[in-house]
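Structure, as structure tokens:
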Amino acid sequence: LPQSQVKSLVDENGWFLKYEPFVANLPNLNLAEVEREWRTQIEAFISTTGKAPTHLDSHHHASYFSPELMQAMLQFAREYECPIRFPYNGPEDPLLSLPPEIVPSFRESGPRLIGKFKVKHPNTFISHFYDQGVTQETLTNILNTLPQGTHELMCHPGYVDDVVIKATIYNQPRARELEILTSAETRKAIESNNIQLASFEDL
């Protein structure tokens, strides 16, 4: 949306706030602006592709940074009848990908809101195939130890070019992820463990 309509979400140049400024600005977020921006993004996706999103998620899991944000996301998921990414595996989950100050509130509100809205999501969220964890050994171990159920493996595969190098500090590992995800050893682990690859649409 135009900068004038989302003032609490952007900096003085009109860019969405980066991670740390966003967390610091949480008390000042205008929830109505958030909801208008999210709906506009979803509708833009639908008008471009001709279908609803396969699921809803957010960069750095920002939609879980407060109970109000999470509830707004769940309302959209229910309205548009699509699953969500739910980056939480129970009380013992360290939630390393969430800001430490967010964790207590999320542990209390997350499961409660999921129970209230009953939006579909995978049984578990796997986040450690990332950065230093991007190794064949890590991925093979993940595949060899999956329990029954549905699981989301967070990954960021890609081809690294000048645009990617300039756009994100997480650049070279993307090519390494792609190589490991498509390796013969990975394919073998998938087949030998009778794993069915799926997308959120299959939920």
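Rounded to whole Å, give me the distance from the Cα center of segment 1-55 to that of segment 106-121.
Here the two parts' Cα centres lie 22 Å apart.
Checking the cross-link filter: which lysines have an alpha carbon closer than 17 Å to that of residue 120, excluding same-chain neighbours under 8 positions apart?
Partners found: none.
Roughly speaking, to the nearest percent, how much of the chain's 1.4 Å accessible area is carbon and sulfur?
Details: 6590 of 12470 Å².
Accessible surface attributable to carbon and sulfur in the chain totals 53 percent.
For residue 160, put the label point 7 Å out on the Cα→Cβ axis and report which residues of segment 170-203 keep their amide N under 12 Å from it.
Once the point is set 7 Å along Cα→Cβ of residue 160, 170-179 turn out to lie under 12 Å by backbone N, inside segment 170-203.
Can you tell me, using C-alpha contacts under 8 Å and at least 6 residues apart, the relative contact order of segment 152-203 as a whole percent? Can you show the working numbers first?
Working: 26 pairs, mean separation 15.4, N = 52.
30 percent.
Can you give the translational diffusion coefficient of segment 1-141 in µm²/s, computed by Stokes-Einstein from the Kirkwood radius over Cα pairs at 4 °C and 1.567 mPa s?
79 µm²/s
Excluding ligands, DNA and RNA, what is the solvent-accessible area per residue of segment 1-44 at a probe of 1.4 Å, expressed in Å²?
In whole numbers, segment 1-44 has 67 Å² accessible per residue.
So what is the accessible area of segment 97-186 per residue, in Å², with the probe set to 1.4 Å?
Here the per-residue accessible area is 60 Å².
Could you give me D for segment 78-173, from Stokes-Einstein at 20 °C and 1.002 mPa s, where the hydrodynamic radius is the Kirkwood radius over C-alpha pairs? Units µm² s⁻¹, please. If you can, show how the numbers build up before the last one.
Working: Rh = 15.7 Å.
In µm²/s, the coefficient is 136.
Compute the Cα gyration tensor for segment 155-203, then decide on rounded, prolate or oblate, letting a ≥ b ≥ c be the square roots of its eigenvalues: rounded whenever a/c is under 1.5, prolate when a/b is larger than b/c in the other cases, and oblate in all that remain.
Verdict is oblate for segment 155-203.
May I ask you to compute the full-extension gain from residue 137 to residue 13, defined as 0.36 nm times their residue separation minus their alpha-carbon distance, rounded to one decimal in nm?
Extending this stretch completely gives an extra 40.3 nm.
Compare the Cα positions of 104, 192, 151 along the charge dipole of segment 92-203 (+1 at Cβ of Lys, Arg; -1 at Cβ of Asp, Glu; about the Cα centre) and return the one farthest towards the positive end.
104
Jot down the per residue volume, in cubic angstrom and as a whole number, of the convex hull over the alpha-carbon atoms of segment 1-61.
Residue-normalised Cα hull volume stands at 94 Å³.
The values are calculated or read from the model by the stated rules, or taken from the named source; none is laboratory data. Note that the coordinates shown come from a computational prediction; the quantities given were computed from them, not determined experimentally. Note that each Cβ is placed from the backbone with ideal geometry, even for glycine, and that neighbours are counted across all protein chains shown. Ligands, DNA and RNA are stripped out before the accessible areas are found, and what is left, the full protein with its side chains, is counted by its heavy atoms. Shrake-Rupley method; radii C 1.70, N 1.55, O 1.52, S 1.80 Å.
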